[in-house]
Amino acid sequence: MFGTRPRSGGGPVRPRARRIQYRWLACKTLINKVPPGMPFRWSINPYRGCTHGCVYCYARATHPYLGLDGGLDFESVIFVKADAVKALRRDLGRPGWNRELVAIGTATDPYQPIEGKYRLMRGILRELIDAGTPFSITTKSTLVLRDLDLLVEATRRAGCTVNLSVPTVDPALWRQLEPGTPHPYQRLRVLQRLREAGVRAGVFLAPILPGITDDRRHLEAVVREAARHGAAFLWPGVLHLGPGVREWVFPALARIRPDLMPMYRALYRGRDAAPFYRESVLRRVEELKTKWGLPTGRHAVEPPRGAEADGGVAGGAGRNGAGNSTPLAAGPLAAGPVRGSGPIGPRDRDPTPGQPVPVLPVAAMAGVTPILPGSWGTNRPLGTSPGSGPRARPAASAGERGRGPSRRPLWPGHGDGRRYGSRDGGGGSQQLALPLPGA
């Protein structure tokens, strides 16, 4: 974990847990319009901030709009959108709503631990289904399986895609880069369960970090496991540094690999890595997708356009005008029983081939691009009525922030949050500890 050294016994020193603060955020409308050029026009983010604490998160730049910082505050001061379901019902009932694709979770994880308590997503999914509105969900959480019944119904009635974010399957990197998330193989097990239920689901291999996760061995490990767990698609993306993100990401990466920082400064003259680098990495991923039988080409990540009567989602045409309705190749797709034990899953061992995963026909798949939300509102402490909270932008007090790790934090307090499944006062125990294949 960040800011820690291994114990002599081999495990990382676990820093002290800190208090996580939850506040209400006034919500007059839930659907946000996104900037032009995205593969979708609308987004939904039921929460602001995220306890996952991923160091590379582009959404860190959104917390300053609320008078807070993008480091510790982003991870420990979480805003819950009050009356989100009622606001969505109003949005969907407007005469001008054309039932276009809505991307859920573009600036927060909609299934982070607090969702176990407030259950906003069940109401949101029900409203979208009843309105015949297709949607995609991007998450790292196992809690998405709580709503499997609604996802199956949405696949049949409206169209739905679930994107499991799996940037790495390396246990050491996972602990450093995503300290508050489920183990990567838990996410892959979620993927397998979704596919077995007939839900379109795949993997976001993003962000790819130059010099850290961009080598062929590392990329192939993710592509291989995505295929073995039945992924309908895999979408790669190289690290993007939008405004307000570089100041948090660069110090974090410098703690992990200080030797790489000159390269990062050279590659990132702007928001994106140099074109030659992006093209090289993405071409490598396309080759690996071909090797492991996953759909390739830009058309493989286009948004779904509707649902077929048999429960599959009809494929939309890609940017080149070609749809993709070819079933995944059956050869290399096999679930890997994972050796090891514990509630998280494998710590330091690779999976081995095992029983095959049922492969379902798939069409063109949805891809989600990072965006910023379009509206904010006011905030107030949880437990107060919508009209009673302060309208100022309060910053977390020192007591609320708690104590940071004692050894080399990436920024003050970073990484001293929750491990997956910890009790943080926000429903952390609601995360689902899935049995891993062969465990």
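Provide the gained length on full extension for the span F250 to S280, in nm with one decimal, where the gain is 0.36 nm per separating residue minus the Cα-Cα distance. Kindly include the intermediate steps, with their values, before the conclusion.
Numbers: separation 30, 0.36 × 30 = 10.80 nm, distance 2.24 nm.
This chain segment gains 8.6 nm when fully extended.
For a footprinting-style exposure proxy, rank K117, K81 by other Cβ within 10 Å, fewest first. Kindly include the intermediate steps, with their values, before the conclusion.
On the way: K117 16, K81 23.
Fewest-to-most ranking of K117, K81: K117, K81.
Identify all lysines with a Cα-Cα distance to K289 below 23 Å; exclude those on the same chain that are fewer than 8 residues away in sequence.
Leaving aside lysines fewer than 8 places away in the same chain, those within reach of K289 are K140.
Among the lysines, which fall within straight-line cross-link reach of K33, defined as a Cα-Cα distance under 20 Å, with same-chain neighbours fewer than 8 residues apart omitted?
The reachable lysines, counting only those whose Cα sits under 20 Å from K33, are K81, K86.
How big is the antiparallel share of DSSP beta bridges in the stretch 122-234, given as a percent to the nearest 5? Could the numbers behind the result be given before it?
Values: 0 of 11 bridges.
Taking every DSSP beta bridge with both residues in the stretch 122-234, the antiparallel ones total about 0 percent.
Rank these for me by crowding, Y58, Y65, going from fewest to most other beta carbons within 10 Å.
Working: Y58 24, Y65 14.
Sorted ascending by nearby Cβ count, the order is Y65, Y58.
Extension gain D259-D272, at 0.36 nm per residue separation less the Cα-Cα distance, in nm?
Numbers: separation 13, 0.36 × 13 = 4.68 nm, distance 2.02 nm.
Extra length from D259 to D272 when fully extended: 2.7 nm.
Can you list residues from other chains, or at least 5 along the same chain, whose modelled amide H is less than 5 Å from the amide H of L234?
V203
Counting other beta carbons within 10 Å of each residue's own, what order do D109, D259, D91 fall into, fewest first?
Taking fewest neighbouring Cβ atoms as first place, the list is D259, D91, D109.
Every number in this text was worked out from the coordinates using simple rules, so none of it is lab data. The structure displayed is predicted, hence computed values, not measured ones. Glycine gets a Cβ as well: all are built from the backbone with ideal geometry, and neighbour counts include every protein chain shown.
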